Amino acid sequence: MVFLRGRELVISVAYRCRNRRCRDARRGRIHTSRAAERLTVRGSSFALEVIVQIGYWRFWKRWTVAQIHEVLSQERCVPIAEREVLYLIGVFLVLSRCTYHLRWIEHATEFRRQGLFLAIDALKPEKGNRALYVVRELKHGLVVHHVSLLNTDQRVLENRLLQPLKGLDYRIRGLVSDDEKALRLAIAHVLPAVPHQTCQVHCLRDAALPIVNADRTFKTALKKAIRAPFYAAARVLEALAADDPCATVLQSYADLIRSTLTEDSKPPFALGGLRVFEDLARLDASLRRSREKGGIRCSRSYSRWCSVANRSARYRQLKCQRSWLLELERRLDPPEGEGQPRPTRRHIQQRITEFLAQLAQHAQDHPADAAVVAHITQTFEQRWPRLFACYAWPERYRTNNELETFFGRLRTRQRQIHGRKAVHEFVTRYGEWAIYLDPTESCEQLLQRLQQFDQDTFDREYDRFLHTQKRLQLLYRFRHWPRRCLKALEQQWAEAIHRKPQRG
């Protein structure tokens with residue numbers, strides 16, 4: 001067996017009970033060494049410590065397969081092929097899935113006493129692949145259930161996603177999800193007594209849609225107005241002498257303006273157009289102050305790079321509209337300090353109703369804002385019954401953004417590993433098992449947990465893992481060798497027809 005310290009011979013001595021009255025003796029059961037079984041999985045010549053170390057380097061340290069193989073083969077002198085490293089990564093993921101129930105056992109008493117608050121969201125790979133729906137417990141971030149679905153209508157979500165939740169040994173006290181229609185109807189049908197909280201951040205993001213679109217148009221107009229004078233000034237800047245001290249300062253201004261024009265938006269509050277306008281206004285004021293101190297003649301034209309005075313009215317309108325979203329967020333999430341009463345559902349509803357009434361009055365006085373106000377009001381009214389369930393919960397789980405952050409980190413780590421932007425291949429291949437990885441666990445904790453795996457459970461889960469790999473392998477072969485792939489399918493079909501029993 002191959003360990004991190006080298007190759008060693010391991011002998012496991014098995015025996016049968018000699019007492020004929022023993023039930024195990026009558027069944028012919030063979031007793032093996034438990035210590036030997038914990039060294040590795042059945043059929044593998046690599047010790048569990050090697051498998052765990054490979055998984056830790058891959059998913060915690062974000063090493064590539066080539067890096068892992070180089071360290072093992074050259075620094076640790078472990079006899080292993082690069083292809084074997086990739087194979088053991090899959091074994092590690094399956095082991096993590098098989099022993100994940102041990103993490104639930106740590107909190108079982110707490111969950112039985114306090115119940116569960118669950119978040120539901122889908123990890124959707126690019127290019128129209130299957131959506132991976134994940135249900136997580138909100139307090140500790142433990143995965144409760146997952147299912148890979150191609151069809152996500154209401155009936156499929158009821159049967160595949162929500163029905164297994166009814167069989168849990170713990171009481172479900174609340175659910176948090178986005179406002180997907182099929183999921184909302186499925187929850188209301190399968191779990192009608194469970195309070196359902198619609199994510200408030202998703203609500204604000206949907207309410208901000210016309211503001212975000214207007215901000216994008218505003219940013220495009222700013223770039224279009226500044227691009228021509230900026231490039232003209234850049235050509236003048238290139239003609240300056242290399243030893244001119246002012247050239248360095250002007251080049252710094254040019255770099256700042258160029259970086260400002262690449263600002264992006266993060267709805268609902270961080271709007272790129274507003275940020276570009278504000279940065280250009282600051283640069284404009286700085287250039288004017290620098291010009292007043294004197295300098296070369298061409299610097300007088302530099303203020304044209306970032307002149308935004310003729311667009312200040314549009315900026316003020318967008319900033320005012322964004323302030324509505326900020327005020328709605330403040331009213332939805334009031335601070336809980338000493339001496340302040342805990343917010344109740346009725347109190348929050350009253351505060352939101354009052355502010356929406358103020359927006360309606362503003363729309364009557366300012367018709368230009370009427371469409372935005374109508375969209376915000378409609379967005380909140382559509383989600384109204386489900387926006388305020390969280391205020392009856394002790395932890396006030398008002399969003400499932402932690403689950404989205406978890407998905408985002410999973411994608412980001414894979415981009416850091418292989419350097420490619422698209423991660424749909426990884427999600428499709430390993431997603432059902434990678435969601436059980438916890439970045440807070442150490443290598444020692446992983447090894448201690450994975451050593452408690454059950455071989456029969458591992459065999460069943462690994463068969464499912466291989467079935468997924470086989471399906472993806474079929475797609476790969478069809479993409480590269482379509483004739484050979486279809487010929488093999490036709491042969492399999494003929495064998496299936498031959499094995500199928502004929503009806504008399």
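The values are calculated or read from the model by the stated rules, or taken from the named source; none is laboratory data. It should be emphasised that the depicted structure is a prediction, and the values quoted were computed from it without experimental measurement. Here the Cβ positions follow ideal geometry from the backbone for every residue, glycine too, while neighbour counts run over all protein chains shown. These area figures cover heavy atoms from the full protein model, side chains too; ligands, DNA and RNA do not enter into them. Shrake-Rupley method; radii C 1.70, N 1.55, O 1.52, S 1.80 Å.
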Which sequence of 291, 23, 275, 413 reflects their accessible areas, 1.4 Å probe, from the largest down? 23, 275, 291, 413
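Could you give the length gained by full extension between residue 289 and residue 452, i.e. 0.36 nm per residue of separation minus their alpha carbon distance, to one decimal place? Let's see the in-between values first.
Details: separation 163, 0.36 × 163 = 58.68 nm, distance 6.95 nm.
The residue 289-residue 452 span can extend by a further 51.7 nm.
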Sites residue 344 and residue 221 - FRET efficiency at Förster radius 56 Å, r taken between beta-carbons, to 0.05: 0.80
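Kirkwood Rh over alpha-carbon pairs of region 134-256, then Stokes-Einstein at 10 °C and 1.306 mPa s: what D in µm² s⁻¹, rounded to an integer?
Details: Rh = 19.7 Å.
Calculated translational D: 81 µm²/s.
How much area per residue is accessible in region 453-504 when the probe is 1.4 Å and only protein heavy atoms are counted (Å²)? Mind showing how you got there, number by number?
Details: 4770 Å² over 52 residues.
Per-residue accessible area for region 453-504 comes out at 92 Å².
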Given H placed 1.01 Å from N in the peptide plane, which residues other than close sequence neighbours of residue 63 have an amide H under 5 Å from its amide H? 58
Per the 1.4 Å probe, what fraction of the accessible area of region 204-303, in percent, lies on carbon and sulfur atoms? 54 percent
Each residue of region 116-123 in order: what ³J(HN,Hα) in whole Hz does its phi give by Karplus 6.51 cos²θ - 1.76 cosθ + 1.60, θ = phi - 60°, with x for Gly and Pro? 10, 10, 10, 10, 10, 7, 10, 9
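Please list 182-189, 473-480 highest first by mean number of surrounding beta-carbon atoms within 10 Å per residue. Don't skip to the answer; put the middle values down first.
Values: 182-189: 18.0, 473-480: 12.0.
By packing density, highest mean first, the sequence is 182-189, 473-480.
For every helix of n ≥ 4 consecutive DSSP H residues, a contribution of -39,500 (n - 2.57) applies; sum these over the chain, divide by its total residues, and give [θ] at 222 nm rounded to the nearest 500 deg cm²/dmol. Present the calculation step by step, with values, prior to reporting the outcome.
Values: 21 runs with 283 residues, N = 504.
The per-residue figure over the chain is -18000 deg cm²/dmol.
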Treating every alpha carbon of region 61-194 as one equal point scatterer without solvent, the Debye formula yields log10 I(q)/I(0) values at q = 0.13, 0.17, 0.18 Å⁻¹ of -0.71, -0.96, -1.02
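Give me the net charge of residue 212's neighbourhood, meaning all other residues with Cβ under 11 Å from the Cβ of residue 212; Lys, Arg count +1, Asp, Glu -1. Working shown, then result.
Numbers: positive: 205, 216, 219, 266, 322; negative: 206, 215.
In short, +3.
Roughly how big is the chain's charge dipole about its Cα centre, with Cβ charges of +1 (Lys, Arg) and -1 (Asp, Glu), in debye to the nearest 20? Can you show the working numbers first?
Working: 87 positive and 55 negative charges, 297 e Å.
The dipole of the chain has a size of about 1420 debye.
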Can you give me the P(r) profile for region 374-462? Cα pairs, bins 10 angstrom wide beginning at 0, each as a whole percent. 12, 26, 27, 24, 9, 2
Tabulate in residue order the Karplus-calculated ³J(HN,Hα) for region 471-483, using 6.51 cos²θ - 1.76 cosθ + 1.60 with θ = phi - 60°, rounded to whole Hz; enter x for Gly and Pro. 5, 5, 5, 4, 4, 5, 5, 5, 5, 9, 10, x, 5
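Provide the three semi-axes, in whole Å and in decreasing order, of the ellipsoid equivalent to region 202-266 as defined by the square roots of 5 times the Cα gyration tensor eigenvalues.
Details: eigenvalues 254, 31, 5 Å².
Semi-axes from the Cα gyration tensor: 36, 12, 5 Å.
From the P(r) of region 155-197, can you give the percent of Cα pairs sitting at distances over 14 Å? The partial results should precede the final answer.
Values: 388 of 903 pairs.
Result for the distance tail: 43 percent.
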Return one whole number: the accessible area per residue of region 308-407 in Å², for a 1.4 Å probe. 55 Å²
Which ³J(HN,Hα) values in Hz, rounded to whole numbers, follow from the phi angles of region 444-458 under the Karplus curve 6.51 cos²θ - 1.76 cosθ + 1.60, where θ = phi - 60° and Gly and Pro get x? 5, 5, 4, 4, 5, 6, 5, 5, 9, 6, 9, 5, 5, 5, 4
Inverse of <1/r> over all distinct C-alpha pairs of the chain, i.e. the Kirkwood Rh in Å, gives 28.4 Å
Estimated translational D of region 309-374 in µm²/s (Stokes, Kirkwood radius over Cα pairs; 25 °C; 0.890 mPa s): 180 µm²/s
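Efficiency by 1/(1 + (r/R0)^6): what FRET value for residue 74 and residue 159, r their Cβ-Cβ distance, R0 = 51 Å, to the nearest 0.05?
Details: r = 51 Å, r/R0 = 1.01.
For residue 74 and residue 159, the calculated efficiency is 0.50.
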To the nearest µm²/s, what D does Stokes-Einstein give for region 118-171 at 10 °C and 1.306 mPa s, using the Kirkwood radius over alpha carbon pairs as Rh? 134 µm²/s
Rounded to the nearest 10 degrees, the helix 272-292 long axis (Cα) sits at an angle to the longest Cα principal axis of the chain of 50 degrees
Using just the alpha carbons, could you tell me how many Å³ per residue the convex hull of region 246-291 encloses? 51 Å³
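Of the peptides 205-215, 446-456, how do they stack up when ordered by the mean number of other Cβ atoms within 10 Å, highest first?
Numbers: 205-215: 19.3, 446-456: 16.2.
Output ranking for 205-215, 446-456: 205-215, 446-456.
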Spherically averaged projected area of region 51-111 from its Cα convex hull (nm²): 4.8 nm²
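Could you state the accessible area per residue of region 86-168 in Å², with a 1.4 Å probe and every protein chain left in place?
Working: 3510 Å² over 83 residues.
Per residue, region 86-168 has 42 Å² of solvent-accessible surface.
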Based solely on C-alpha atoms, express the radius of gyration and the Dmax of region 11-123 in angstrom. 20.2, 56
Along the dipole axis of region 107-228 (charges at Cβ: +1 for Lys and Arg, -1 for Asp and Glu; origin at the Cα centre), the most positive-end residue among 174, 154, 220 is 220
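Region 1-101: which GluC sites (Glu not before Pro) are DSSP loop and have at most 13 other beta-carbon atoms within 10 angstrom?
Here the GluC sites (Glu not before Pro) that fit, given the DSSP loop and packing criteria, are 8.
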Pull up all non-local amide H partners of residue 145: gap of 5 or more, or a different chain, and H-to-H distance under 5 Å with H placed in the peptide plane. 135
When the accessible area of region 30-120 is computed with all protein chains present and a 1.4 Å probe, what percentage of it is carbon and sulfur? 47 percent
Accessible-area order (highest first, 1.4 angstrom probe) of the listed residues 443, 199, 320: 320, 443, 199
